[in-house]
Amino acid sequence: MSTEGVLNIQYVYTVWQTMNRKEPVINNIVFDGHTAVIHLTQTISPCLFPSFIQIQFPSITTLRFKETEQDSGLLKVYQQEDSWTLEGLLQSVPLISFWYDHVVRLMMGKIVTATGDLLDAAIQQAEKMTLRGQQIQRIGRELAIENIEKLDEYKSELHENYIKGIQQWRRDHI
């Protein structure tokens, strides 16, 4: 949620005050002179509900500052961004948190593990196929060389056998 302008930021704080009976807990602040990033734990307990109903969730508020007047050194907030993680929101509601921890995360873990195992098996099989392909290629090359040598041998013998055959035929038929 992003808000700009002093009045709008004040309205956002008014909404947060009506949603919270307790002020948020500040976990960490980082400020670089122009931007402040604040890690909070919000405790939502609307006034419409009994006070024992409280939901705590982590949030991040980013405040952007600018000088009120040139070289005055006074900073004023001109933009506020509030953000929450889906996991933080899921963890904050008890039944959903239980379901998320014991069903969703467990199933996602099993899916990721099974996918990793499947990829590992596929890679191993591809390596085996590559090695087998290299063996087949090497054997094919050796057979081709061997056949070329035999062909050269038969070629030289063919000429000799042809001449002997013609001489034999002449003796027998002439």
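What the table below lists for this structure:
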{"quantity": "Qualifying residue in segment 7-20 (condition: at pLDDT below 80, in contact with a Lys or Arg (Cβ under 8 Å, 6 or more places away or on another chain), farther than 29 Å from ARG105 by Cα and of a type in the set (Val, Ile, Thr))", "calculated": "no"}
{"quantity": "Condition broken by TRP169, with the remaining ones in (1) at pLDDT 90 or above; (2) hydrophobic (A, V, I, L, M, F, W, C); (3) farther than 30 Å from MET1 by Cβ satisfied", "calculated": "(1)"}
{"quantity": "Test: residue in segment 108-122 that is closer than 30 Å to ILE53 by Cβ, under 22 Å from the mean Cα position of the chain (by Cα) and not assigned by TED's automatic domain parsing to the domain that holds VAL15", "calculated": "yes"}
{"quantity": "Every residue from segment 34-64 that is of a type in the set (S, T, N, Q) and out of contact with any strand residue (DSSP E or B) (no Cβ under 8 Å at 6 or more places or on another chain)", "calculated": "SER51"}
{"quantity": "Matching entry among ILE60, ILE38 (being touching a residue at least 12 places away in the same chain (Cβ under 8 Å), closer than 20 Å to THR14 by Cβ, of a type in the set (A, V, I, L, M, F, W, C) and assigned by TED's automatic domain parsing to the domain that holds TYR11)", "calculated": "ILE38"}
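The values are calculated or read from the model by the stated rules, or taken from the named source; none is laboratory data. None of the values given here were measured: they were computed from a predicted structure. Here Cβ is always computed from backbone atoms with ideal geometry, including for glycine, and neighbour counts include all displayed protein chains.
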